[in-house]
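Novice: Quick one: the structure is below, questions incoming.
The values are calculated or read from the model by the stated rules, or taken from the named source; none is laboratory data. Computed from a predicted structure; not experimentally measured. Every residue, glycine as well, gets a Cβ built from its backbone with ideal geometry; the counts of neighbours run over all protein chains shown. Keep in mind that these areas ignore ligands, DNA and RNA; they rest on the heavy atoms of the full protein, side chains included. Shrake-Rupley method; radii C 1.70, N 1.55, O 1.52, S 1.80 Å.
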Amino acid sequence: KVKFDTVNTAAYSPRPNTPAADWDNQLSEDVKQDRLHRINELVLQHATQRRARMMDRVVEVLVEERNVKVPTQVMGRTTHGYIVYFDGNIDELRGELVNVKIDTCQKFYLAGKRTDEPVQ
């Protein structure tokens, strides 16, 4: 089975000038919302499972910006596109590749500490 890290979802709505827009048997809003809720719950489960695999691993992070919620931290991304937060100075680290040992795994981000250990 395929498991996705992230997905972009939206409830179905008919598109003007398409054959389906004029069909009589449109789904009710309740059905649309139920399906959207179920797929989003499944994605959250998969995201949590997939992020958990990163615990205690050293990953390479490309530093992008300051963490707006915690100004003493920076935010970057792994080669897999995972968001990673760690302590650092954005003025020194922006655009740099930094090794980070992951010690926190959340649904949609990772956190850790900068390290000299090699990437695993």
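Novice: Is it possible to state the helix-based mean residue ellipticity at 222 nm for the chain, with each DSSP H run of 4+ residues giving -39500 (n - 2.57), the sum divided by total residues, to the nearest 500 deg cm²/dmol? What is it?
Specialist: Estimated from H runs of four or more residues: -7500 deg cm²/dmol.
Novice: Compute the semi-axes of the equivalent ellipsoid of the stretch 19-80, taking the square root of 5 times each eigenvalue of the Cα gyration tensor, and list them largest first in whole Å.
Specialist: Computed over the stretch 19-80, the values are 39, 16, 12 Å.
Novice: Just want the answer: with Cβ charges of +1 for Lys and Arg and -1 for Asp and Glu, which residue in Gln33, Leu62, Ile83 is farthest toward the dipole's positive end in the chain?
Specialist: The Cα lying farthest towards the positive end belongs to Gln33.
Novice: In addition: Using +1 at the C-beta of Lys and Arg and -1 at the C-beta of Asp and Glu, which of Asn17, Val43, Pro71 has the Cα lying farthest in the positive direction of the dipole of the chain?
Specialist: It is Val43, whose Cα lies furthest towards the positive end.
Novice: Now, a different point. So if I take the alpha carbon set of the stretch 26-120, get Rg, then get Rh from the Kirkwood formula, what is the Rg over Rh ratio?
Specialist: Here Rg/Rh amounts to 1.15.
Novice: Here's another thing I want to ask about it. Exceeding 27 Å between C-alpha atoms, which entries from my cross-link table qualify? They are Lys1/Lys107; Lys3/Lys69; Lys1/Lys69; Lys1/Lys101.
Specialist: Values: Lys1/Lys107 20 Å; Lys3/Lys69 29 Å; Lys1/Lys69 36 Å; Lys1/Lys101 29 Å.
From the list (Lys1/Lys107; Lys3/Lys69; Lys1/Lys69; Lys1/Lys101), the Cα-Cα distance tops 27 Å for Lys3/Lys69; Lys1/Lys69; Lys1/Lys101.
Novice: Nearest 10 degrees, 0 to 90: what angle lies between the long axis of helix 29-52 and the longest principal axis of the chain (Cα atoms)?
Specialist: 20 degrees
Novice: Protein chains only, probe 1.4 Å: how do His37, His80, His46 rank by accessible area, largest first?
Specialist: His80, His37, His46
Novice: At 7 Å along Cα-to-Cβ for each site, give me the label-to-label distance between Gln33 and Gln49 in nm.
Specialist: 2.8 nm
Novice: Same structure again: With a 1.4 Å probe and all protein chains kept in place, how do Asp87, Asp5, Asp24 rank by accessible area, largest first?
Specialist: Accessible-area ranking of Asp87, Asp5, Asp24, largest first: Asp24, Asp87, Asp5.
Novice: Oh, and also: Quick one: compute the contact order of the stretch 31-120, relative version, from alpha carbon pairs under 8 angstrom and 6+ residues apart, as a percent.
Specialist: 30 percent
Novice: In square angstrom, what is the accessible area per residue of the chain with a 1.4 angstrom probe?
Specialist: The answer is 71 Å² per residue.
Novice: Also, I was wondering about something else. If you rank Tyr12, Tyr85 by how much accessible surface each has, with a 1.4 Å probe, what is the order from largest down?
Specialist: Tyr12, Tyr85
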